[in-house]
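Each value in this text was obtained by applying a stated rule to the coordinates, not by laboratory testing. All figures in this text were calculated on a predicted structure; none of them were measured in a lab. Note that we place each Cβ from the backbone using ideal geometry, even for glycine, and neighbour counts take in every protein chain shown.
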Amino acid sequence: MKTINEWKHIFKLDPAKEISDEDLDLICESGTDAIIVGGTDDVTLDGVLDLLSRIRRSHTVPCVLEISNEEALTPGFDYYFIPMVLNSKEKKFMMDIQHKAIKEYIDMMEYSEIFFEGYCILNEDAKAFTHTNSYLPDKDDVKAYAYMAEHVFHLPIFYVEYSGTYGEPELVKEVKNELDKTLLFYGGGIENPEQAKEMKEYADVIIVGNSIYTDIKKALKTVEAVKDK
Ligand SMILES: CC(C)=CCC/C(C)=C/CC/C(C)=C/CC/C(C)=C/CC/C(C)=C/CC/C(C)=C/CC/C(C)=C/COP(=O)(O)OP(=O)(O)O
Ligand SMILES: O=P(O)(O)OC[C@@H](O)CO
Ligand SMILES: [Mg+2]
């Protein structure tokens, strides 16, 4: 199995959205490096368990739970990603919710499976932006957050999140220049192979979410597009 440092492409499945068995099989067998199960709204334990069991039934692709609320936390995933929202105006989304959960689960936490993600949410219309009371940082702010993710907090992942819209490749390029050890994840609005290739030029990993539900044929083509990059 590849290590996270070798991943290039991830599909993100939203437990609040319907997906047919046929489409789920196509996603799992697409050659993607991993599946993230996660979303902002209406993420329930039932929805998470349904996806996990359907994936596990016949596929070996690595499965990650990106935790957005404690109620939907369950054992059985290969990895757990935990967002810390760096551009939230409220400390609770950066630190306090995570601190409270660590206090509760500390004895169950297997550190080789858990990755904290420094999130920077850059689409004002994304649900996650509103939910976390984030502000829109400018380019220098984002670069400073990337610097902090790597050199202050030593986070394994810095996530440039444009959920729902395609972002600025130039910004992703400049952010990449700030990072050395911390992996750069880019997600948002990738709908076709050209966009996948463009963002993968700078990001270590690209994440494709919504287009699974809007045009799965094109979404599947994003995998091959980044394999040799
Ligand atoms: C019980 C068990 C198995 C224990 C194992 C040990 C373990 C893993 C313990 C974890 C402990 C821990 C620290 C948990 C953290 C819990 C937590 C609630 C953290 C909060 C994270 C947070 C600030 C979430 C806010 C929202 C956010 C940033 C979500 C990320 C996903 C995202 C941006 C989705 C995109 O939005 P989407 O829903 O797709 O939007 P659209 O619908 O508009 O597309
Ligand atoms: O849904 P999209 O816009 O593809 O974004 C993917 C991911 O970054 C969402 O958290
Ligand atoms: Mg989504």
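Of note:
- Alpha-carbon spread of segment 92-200, three principal axes, descending order, Å: 44, 30, 27
- Of Glu71, Glu117, Glu29, the one that fluctuates the most in a GNM where the chain has Cα springs shorter than 10 Å: Glu71
- Here the contact order of segment 4-227, divided by its residue count and restricted to Cα pairs under 8 Å and six or more residues apart, works out to 19 percent.
- By the beta-carbon count within 10 Å of each Cβ, the least crowded to most crowded order of Met1, Met95, Met199, fewest first, is Met1, Met95, Met199.
- Cα centroid separation, segment 147-223 to segment 68-114 (Å): 21 Å
- Per DSSP, loop trypsin sites (Lys or Arg not before Pro) in segment 159-227 with at most 11 further Cβ within 10 Å: Lys181
- Cα-only Debye scattering, the chain: base-10 log of I(q)/I(0) at q = 0.08, 0.10 Å⁻¹: -0.26, -0.41
- Three-way shape label, segment 53-151, alpha-carbon gyration tensor, a/c 1.5: prolate
- Cα gyration tensor shape for segment 1-82, rounded if a/c is under 1.5, else prolate or oblate: oblate
- Neighbour counts of C-beta atoms inside 10 Å place Ile121, Ile106, Ile114 in the sequence Ile106, Ile114, Ile121, starting with the fewest.
- Integer Hz, Karplus 6.51/-1.76/1.60 couplings in order for segment 145-156, x for Gly and Pro: 5, 4, 4, 5, 4, 7, 9, 9, 9, 6, 7, x
- Rough spin-label spacing in nm, given labels placed 7 Å along Cα→Cβ, for Glu22 and Glu124: 4.1 nm
- Cα gyration tensor shape for segment 74-120, rounded if a/c is under 1.5, else prolate or oblate: oblate
- Cross-link table Lys139/Lys200; Lys139/Lys221; Lys143/Lys181; Lys2/Lys103; Lys143/Lys173, entries beyond 22 Å C-alpha to C-alpha: Lys139/Lys221; Lys2/Lys103
- Calculated mean residue ellipticity, 222 nm, the chain: -9500 deg cm²/dmol, from DSSP H runs (n ≥ 4) at -39500 (n - 2.57) each, averaged per residue and rounded to 500.
- Extension gain for the segment Asp140 to Tyr111, taken as residue separation times 0.36 nm less the Cα-Cα distance, is 7.2 nm to one decimal.
- Most fluctuating residue given options Pro75, Pro193, Pro137, as computed from a GNM of the chain linking Cα atoms under 10 Å: Pro75
- Loop-located trypsin sites (Lys or Arg not before Pro) in segment 23-108 whose Cβ has at most 11 other Cβ within 10 Å (DSSP): Lys89
- Placing a label point 7 Å from the Cα of Thr74 along the Cα-to-Cβ direction, the residues of segment 9-50 whose backbone N falls under 13 Å of that point are 15-16, 37-38, 43-50.
- Antiparallel %, DSSP beta bridges [both residues in segment 22-138], to 5: 10 percent
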